[in-house]
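*Asks:* Quick one: the structure is below, questions incoming.
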């Protein structure tokens, strides 16, 4: 994946389900067309927002093939390929078919809480095995471990096929350190919709977005304006979406964005356990804010 394709707004696609919790491919097709027509720069498939831990290996493969076919080359596709068993992950990278995939997004190992040296060796093994460029994904709130700026920069400088980091630590000092000291080829991508605008003013290259599932045109415009240095107009859009972004995550992701998409008529408001839909109170708040925005 070229560096330019990692700039702008990627969207972490949800997985829509029918009432019986089977995958709703018709709804997924509608969502993909919504992205293609409204300014999204690339799609991220089988990431956290897709409820990937609740999908079988067969379902993940079906989703990957479906998105590639539906997108039909109109948008680049990044595939979530992460885990906390390095050997198994390396074997899958060497075995699986990545035709139609531009890059992989690989989250830091979760639950087993490796040291910084363990994180470095984990990603070194991935970089050496991956047939595609690698995007690091640091999200300590979910994984229980923070990858420091020093570790991220060590990987960025030593492996040319490590193309970017999706940073969701929320630590501005850490992210700014990466931006200041990264090599030329390496991109820094916001992993948090709410702080995307300020991070771009520091030099970040865009976002992998959740709210972009519902508002690709508006949020991609904010990102584009900010990248062009038009901070006044970008800030206006940023402020307009602040309340809705807060509601997105108050009861977890993707419950918030699925409520939003259900209100908008794109999907059924169905999640797989252990995740559950938003409470009626939060759902109604989202509905009311959407009425003001639309």
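*Asks:* Being within 13 Å of residue 100 (Cβ to Cβ) and assigned to a helix (DSSP H, G or I), is that true of even one residue in region 51-60?
*Replies:* No; the residues of region 51-60 include none that is within 13 Å of residue 100 (Cβ to Cβ) and assigned to a helix (DSSP H, G or I).
*Asks:* Residue by residue through region 1-26, note down the ones that are more than 15 Å from residue 105 (Cβ to Cβ) and either modelled with pLDDT under 95 or buried (at least 18 other Cβ atoms within 10 Å of the Cβ) (or both).
*Replies:* 2, 3, 4, 7, 8, 14, 15, 16, 17, 24, listed by residue number.
*Asks:* For region 127-150, which positions are in contact (Cβ under 8 Å) with a residue 60 or more places away in the chain and farther than 20 Å from residue 178 by Cα?
*Replies:* 132, 142
*Asks:* Could you list all residues from region 61-80 that are in contact with a helix residue (DSSP H, G or I) (Cβ under 7 Å, 6 or more places away or on another chain) and without any contact (Cβ under 8 Å) to a residue 60 or more places away in the chain?
*Replies:* Of everything in region 61-80, those that are in contact with a helix residue (DSSP H, G or I) (Cβ under 7 Å, 6 or more places away or on another chain) and without any contact (Cβ under 8 Å) to a residue 60 or more places away in the chain turn out to be 66, 67, 70, 71, 74, 75, 77, 79, 80.
*Asks:* Determine, yes or no, whether residue 293 is crowded, with 17+ Cβ neighbours inside 10 Å, out of contact with any strand residue (DSSP E or B) (no Cβ under 7 Å at 6 or more places or on another chain) and either at pLDDT below 95 or closer than 24 Å to residue 75 by Cα (or both).
*Replies:* Against the criterion (crowded, with 17+ Cβ neighbours inside 10 Å, out of contact with any strand residue (DSSP E or B) (no Cβ under 7 Å at 6 or more places or on another chain) and either at pLDDT below 95 or closer than 24 Å to residue 75 by Cα (or both)), residue 293 does not qualify.
*Asks:* If you take the residues of region 125-149 that are assigned to a helix (DSSP H, G or I), farther than 20 Å from residue 78 by Cβ and out of contact with any helix residue (DSSP H, G or I) (no Cβ under 7 Å at 6 or more places or on another chain), which of them is modelled with the lowest pLDDT?
*Replies:* For region 125-149, the residue satisfying everything is 141.
*Asks:* Going by the conditions given, is residue 217 surrounded by fewer than 16 Cβ atoms within 10 Å (Cβ to Cβ), in contact with a helix residue (DSSP H, G or I) (Cβ under 9 Å, 6 or more places away or on another chain), under 18 Å from residue 291 (Cα atoms) and touching a residue at least 60 places away in the same chain (Cβ under 8 Å)?
*Replies:* yes
*Asks:* Looking at region 222-235 only, could you name the residues that are more than 23 Å from the chain's Cα centre (by Cα) and without any contact (Cβ under 8 Å) to a residue 24 or more places away in the chain?
*Replies:* 229, 230, 232, 233
*Asks:* Could I ask something else about it? Could you run through region 190-214 and say how many residues are touching a residue at least 40 places away in the same chain (Cβ under 8 Å) and either more than 26 Å from residue 30 (Cα to Cα) or not in a strand (DSSP E or B) (or both)?
*Replies:* 11
The values are calculated or read from the model by the stated rules, or taken from the named source; none is laboratory data. Being a predicted model, the structure only gives us computed values, none of them experimental. Heads up, the Cβs are rebuilt from the backbone with ideal geometry, glycines too, and the neighbour counts pull from every protein chain shown.
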